[in-house]
Each structure stands twice: as structure tokens, then as C-alpha cells.
1. Taking the stated definitions as given, is residue 10 open to solvent by 80 Å² or more (accessible area, probe 1.4 Å) and of a type in the set (A, V, I, L, M)?
2. Are there any pairs with C-beta distances below 6 angstrom linking a residue in region 57-80 that is within 29 Å of residue 346 (Cβ to Cβ) to a residue that is within 16 Å of the ligand (Cβ to nearest atom) and among the aromatic types (Phe, Trp, Tyr), with the two at least 6 apart or on different chains, and if so which?
3. At negative phi, assigned to a strand (DSSP E or B) and out of contact with any helix residue (DSSP H, G or I) (no Cβ under 7 Å at 6 or more places or on another chain): which single residue out of 308, 255, 301 fits that description?
4. Quick one: which residue in 133, 73 is at pLDDT below 95, within 16 Å of the ligand (Cβ to nearest atom) and more than 29 Å from residue 149 (Cα to Cα)?
5. Which of the residues belonging to region 270-326 are farther than 23 Å from residue 184 by Cα and either touching a Ser or Thr at 6+ places or on another chain (Cβ under 7 Å) or aromatic (Phe, Trp, Tyr) (or both)?
6. Confirm whether residue 109 is open to solvent by less than 10 Å² (accessible area, probe 1.4 Å) and acidic (Asp, Glu).
7. Which numbered condition in (1) on the phi > 0 side of the Ramachandran plot; (2) outside any loop (DSSP other than H, G, I, E, B) is the only one that residue 26 fails?
8. In the same structural domain as residue 68 (by TED's automatic domain parsing) and more than 25 Å from residue 28 (Cα to Cα): does that describe residue 140?
Amino acid sequence: MKERIIQKSLASNKKPKPQTDQLEFGRVFTDHMFMMDYTPEAGWHDARIVPYEPLTIDPAAMIFHYGQSVFEGLKAYLTPNNEAQLFRPEKNMERLNRSNERLCIPKIDEEFAIEAIKQLVAIDKEWIPTSEGTSLYIRPFIISTEPYLGVAPSRRYTFIVILSPVGAYYKEGINPVKIAVENTFVRAVKGGTGEAKTGGNYASGLMAQELVADKGFAQVLWLDGVEKKYVEEVGSMNVFFKINGEVITPKLNGSILEGVTRNSVIQLLKYWNVPVTERKISMEEVLDAHKNGTLEEAFGSGTAAVISPIGQLTWEEKDLVINEGQTGEIAKRVYDTLTAIQYGRKEDPFHWIVKID
Ligand code: COI
């Protein structure tokens, strides 16, 4: 790793901290943020931790016009010994660079970015909430800042990391959610940006989500963009089905986001010798399994959502109630084990934890 200095200018006024048993997701931000700029001449430079504050950006900055941006999501947890720790940050930084490549954004030094996150979290450690199910969500992102209206990759960027003490992502908490299978709109197609973590993927998904929200659906389940036949992912999670004892998740195909939690769930299931397969799975297959009583469980996985059991899937006017709308055995076991490792209550046989010292 190149030796690089992170300048620090600390906030003179600390903000009041929220009550941690009433935290929502992503509404409150800590006292500091990390920033670093890119120009072709200097590369990534001027790494700094500064007080959290609004940015001043040229209205012609390319981010506002053509959406050239990428982001990540990971969390910091407080252990019973009051130590702060991260979960697999190297996976997030690897993915950030894959997204950078797809969006024509210059790559960052992954090790240095992890070091920056560690230093930032250490400074704002008091913001890591302690109530059950809460954590400090870390949002690294890169925006294109060159003032220019031509369609081309920007020549200037800013990399920013902000921190937000969070509670559960869904209002249902860890209780089962209702998901609508989306038949009209598509999220991504092969060759598009589906596997990159870029804001446009989420912007284009909003309408579908809004149209079902008032019917009580937490999110939509996206099908493949060509035949609208095969399951891809949910708005902010990857998805798993347990059919006849086998856990199945859609195989990565270029249009599905490669989730860090998805990867961890697969590793855990393999470790427990629970059959787990990454393959194409059609909604027809899910419906048939439901009809013949072999659809035992469904759940989503994601950093924000952790593990979210799916109690009902609605597809073409058919309501598939899964496991009587209750959290399944595998979803609970995965949730309990993953969170026990993340919060330092259980040994980490996979070396997923990175301590912040
Ligand atoms: C995450 O799970 O961290 C995500 O990025 C999903 C989301 C909140 C957009």
C-alpha cells in the first residue's frame, strides 16, 4: 500500500446522539466524514477526515446530469467488550472497484479506503448504537464533479464516506415482509449495469416499488429483463428459496448484484452441510413448489436488511403465503449466526471480522 496521510480536522461542535432504541434506517449522520479527490494530474489525493457538513458542488458537475456515481454499504458493530469491528470490508471495496470500472470511474486503493473507514469509525465510535439490531451503517460513495455538459467520463471525482447509526431497514424489523413480483418493469439486463452498485439502478426501480407500496408490499422482486421468467433479486437484497430441503439462490449472471451477505449466507450453509445451489430459478418453479408444499422458506439478504424472511410473495394476482407467513428455521439460524459473528458474540471461523483498533 502506498503510504498516504489522512489529514484530520475535527468538529468543534458535537451533535446530540439519537436514542438508539428508536433508530430508523439512514436518517441521522455522525459528526465526521472522510473525503478524497481525484484529478488526472494528481490521481486520488487530499485524503481528509472533516466535520460532516453539506457539500458545495458546481451545478454543472456531471453527477447531476449523467449520474456517474457508485456507492457501497457496510456496517460497524460494537462488541460486548466495547470494541468496534467491521464485517468483510475488503469485499465491499473490491465491489466498489468493480462498479468503478463499469462506470468509467478511476479505481481507488482498496487497502487505503479500508484504513480511511477504520480511522473515521474510530473517531465517531461513540455513535455506534448499542440497542438490539442496531449498528453504524457506513456509506462510501464516489461522485463525478467535473463541471461539463458533454457526455463523457468526468475528469474529476470525490470519494466520500459518511456514517449513519441505524435500526432495522424495514418497518417490519426482522419479521417477515410481503414482496410483490414485478411483471411490468425490469431492473437490469445482461450487458447493463445490474451488477454495479450505482444510483441509477435504484432510481429506475422506484416506480415499481411505489406502485405496490400502498398495498403493503415492502419491495418488489425483480425478474430477468428479457423473458420476465427467472428470479433475479429484490430491491435492496439478494433472495434465497428453500425448496424440498435445498436452498437455492439465483446464479450471478451480470445483472444481479453480488451481495456480500449473499456470499456469507452461502458460505454458512456450506459450513453446516445444508445443500445450497446457485442456479437459475423461475417463478414457475417457485409457484409449483408452493402448490405441492415443498416451498419451505424464502428470505432476502443484504447489508442493510441483514436477513429478511419473506412471508408472502404475490405474483400475477396469486398470493403465495410461505411457511404460514412465519420466519423459517434456516432464515433464523442464518440471521442468529451472522449477527452473533458481526457483533462479536460468537467466534468467527471464516475470518470475516476486521477489528478497529
Ligand atoms: C445495502 O444493503 O447496504 C444496500 O446498499 C441496499 C440499499 C439500502 C440500497
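The values are calculated or read from the model by the stated rules, or taken from the named source; none is laboratory data. Only a predicted model underlies this, so the values are computations on that prediction, with no experimental measurement involved. Cβ sites come from the backbone with ideal geometry, for glycine too, and all protein chains shown count toward neighbours. Each accessible area value is taken on the protein alone, full model and side chains, heavy atoms only, with ligands, DNA and RNA left out. Shrake-Rupley method; radii C 1.70, N 1.55, O 1.52, S 1.80 Å.
1. Numbers: open to solvent by 80 Å² or more (accessible area, probe 1.4 Å): yes; of a type in the set (A, V, I, L, M): yes.
Here the answer is yes, as residue 10 does meet what is asked.
2. Going by the 6 Å Cβ cut-off, the qualifying pairs are 75/137.
3. Unique residue meeting the criteria: 308.
4. Numbers: 73 fails: at pLDDT below 95.
Step by step, each of 133, 73 is checked, and only 133 is at pLDDT below 95, within 16 Å of the ligand (Cβ to nearest atom) and more than 29 Å from residue 149 (Cα to Cα).
5. Listed by number, the residues that qualify are 271, 272, 278, 301, 302, 303, 304, 305, 306, 307, 309.
6. Values: open to solvent by less than 10 Å² (accessible area, probe 1.4 Å): no; acidic (Asp, Glu): yes.
No; evaluated as a whole, the condition is false for this residue.
7. Among (1) on the phi > 0 side of the Ramachandran plot; (2) outside any loop (DSSP other than H, G, I, E, B), residue 26 violates only (2).
8. Considered against the rule, which asks whether it is in the same structural domain as residue 68 (by TED's automatic domain parsing) and more than 25 Å from residue 28 (Cα to Cα), residue 140 comes out as no.
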